[in-house]
Amino acid sequence: MTLNRRTFLRTGAVAAPAALAAPAYAQGKRKLQMVMSWPHNFPGLASIAYNFAEFVDKMTDGDLTVDVAAAGELVAAFEVYDAVGSGAADCMHSTPAYITGQWQPAVFFSQIPFGLTQVEHMAWMNHGGGQELQHEAFREIFGLVPFTCGQTGIQMAGWFNKEINNIEDLRGITMRMPGLGGEVMRRVGANAVLIPAQEIFPALQSGALDGTELQGPWLDTVSGFYQHAKYYYAPGFQEPNSAGEIAINANVFDELSPSHQAIVQHAIQSANSINVGEWAYNNAQFYQTLKNEHGVEVREYPQDVIDELAKMSAEAVAELGEVDDRARAIYASYSDYLKKAVEYSVAAEVPYYRARVRQVEVTKG
């Protein structure tokens, strides 16, 4: 199966809504209209936009402010890229996984199955040329200046209403999964669909979904998935990290003063740093809640499932790297660093995790 736009998320162009006014100027002050793909107070995601807005306000003494609108208030969750690219809004928080219907290689900057973890992703973006590659592509294709903001870390594979004992158990199920992970699931015979995060619970409840993934214990618990799916699987092959981003309309960014451009970038970096710890802390806490209060059965995919997913992932990523010349350059850069990161993690990190588990075992009781 060759990757094509129809197997990925579809996002339509959006006209500039009447509710979105032109940028506000008053006595040297400017307000940026921000849209995001999440509801207000959505755990681990909405806070990114609000932290960014707070930091910008404080660091500019109110000369530059950001008005945050939740998904559906001004534009729908999957329309934020179109809104900002067209100039209907000034900036946004979302994930590149939601724009693969327009340019598939965008997913390299968010989530690659069996790919980079959160720390490795930031290493590639900030030190391995990833950010430069993304800026060049997104400015030309979408009219955006993007900056990574939001790092979920290694996710869970997802929730299922039946046990997954072999690869056959994935065939024919309907599962919510975005981006390239969804394409991989389709290749092993599942029906992968993408719906906004806030619509997952009712879809599970009604039986429209047989399974879903969203993130990890924190967001999944708050979303209530355990009420309608008994089995919780790992590892999250599809999203070893899911990077979000704050993107700004390129013309708007260029109009900002050099000091305001720098402040915007540092505010994004600060919001990202806070979010990394936010996910790690709360996932550990809510994992205990799922096990001890809700009796969730946490399982690991069988080896044959992992092997098949690994094969299909390698094929899909390689095809993605041949979409166009930009994709080839991005794929070459990404895969080169991934090989080195894997080799180092095998030498240093994997032995440490084994040793830490052993330390818990020998000091028990």
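Tabulated data for the structure shown
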{"read-out": "Single residue of Tyr334, Tyr301 found to be more than 18 Å from the chain's Cα centre (by Cα), crowded, with 19+ Cβ neighbours inside 10 Å and not hydrophobic (A, V, I, L, M, F, W, C)", "value": "Tyr301"}
{"read-out": "Tally of residues being open to solvent by 10 Å² or more (accessible area, probe 1.4 Å) and either assigned to a loop (DSSP other than H, G, I, E, B) or in contact with a strand residue (DSSP E or B) (Cβ under 7 Å, 6 or more places away or on another chain) (or both) across segment 96-114", "value": "3"}
{"read-out": "Pair list, Cβ < 7 Å and 6+ apart or interchain, from segment 42-67 residues that are over 13 Å from Ile246 (Cβ atoms) to residues that are at pLDDT below 95 and in a strand (DSSP E or B)", "value": "Gly62/Lys29; Asp63/Lys29"}
{"read-out": "Residue in segment 205-212 that is on the phi < 0 side of the Ramachandran plot and assigned to a helix (DSSP H, G or I) present", "value": "yes"}
{"read-out": "Single unsatisfied condition, Asp307 versus (1) out of contact with any Leu (no Cβ under 8 Å at 6 or more places or on another chain); (2) crowded, with 16+ Cβ neighbours inside 10 Å; (3) of a type outside the set (Gly, Ala, Ser)", "value": "(2)"}
{"read-out": "Among (1) surrounded by fewer than 20 Cβ atoms within 10 Å (Cβ to Cβ); (2) over 23 Å from His260 (Cα atoms), the one test that Asp63 misses", "value": "(2)"}
{"read-out": "Residue check for Lys340: open to solvent by 70 Å² or more (accessible area, probe 1.4 Å), farther than 23 Å from Ala234 by Cα and either assigned to a helix (DSSP H, G or I) or among the acidic types (Asp, Glu) (or both)", "value": "yes"}
{"read-out": "Among (1) in a helix (DSSP H, G or I); (2) closer than 26 Å to Gly236 by Cβ; (3) without any contact (Cβ under 8 Å) to a residue 60 or more places away in the chain - the single one Glu120 does not satisfy", "value": "(3)"}
{"read-out": "Some residue of segment 232-250 being assigned to a helix (DSSP H, G or I) and either closer than 30 Å to Gln33 by Cβ or in contact (Cβ under 8 Å) with a residue 60 or more places away in the chain (or both)", "value": "yes"}
{"read-out": "Matching option when the condition is among the aliphatic types (A, V, I, L, M) and under 23 Å from Glu199 (Cα atoms), among Ala262, Ala229", "value": "Ala229"}
{"read-out": "Of residues in segment 310-330 being open to solvent by 70 Å² or more (accessible area, probe 1.4 Å) and in a helix (DSSP H, G or I), the one nearest to His127 (Cα to Cα)", "value": "Arg328"}
{"read-out": "Condition broken by Tyr226, with the remaining ones in (1) open to solvent by 50 Å² or more (accessible area, probe 1.4 Å); (2) within 30 Å of Glu136 (Cβ to Cβ) satisfied", "value": "(2)"}
{"read-out": "Residue in segment 145-160 that is in a helix (DSSP H, G or I) and surrounded by fewer than 22 Cβ atoms within 10 Å (Cβ to Cβ) present", "value": "no"}
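The values are calculated or read from the model by the stated rules, or taken from the named source; none is laboratory data. Here the structure is a predicted model, which is why all the values come from computation and not from measurement. Glycine also receives a Cβ, built like all others from the backbone with ideal geometry; neighbour counts cover every protein chain displayed. These accessible areas exclude ligands, DNA and RNA; they are computed on the full protein's heavy atoms, side chains included. Shrake-Rupley method; radii C 1.70, N 1.55, O 1.52, S 1.80 Å.
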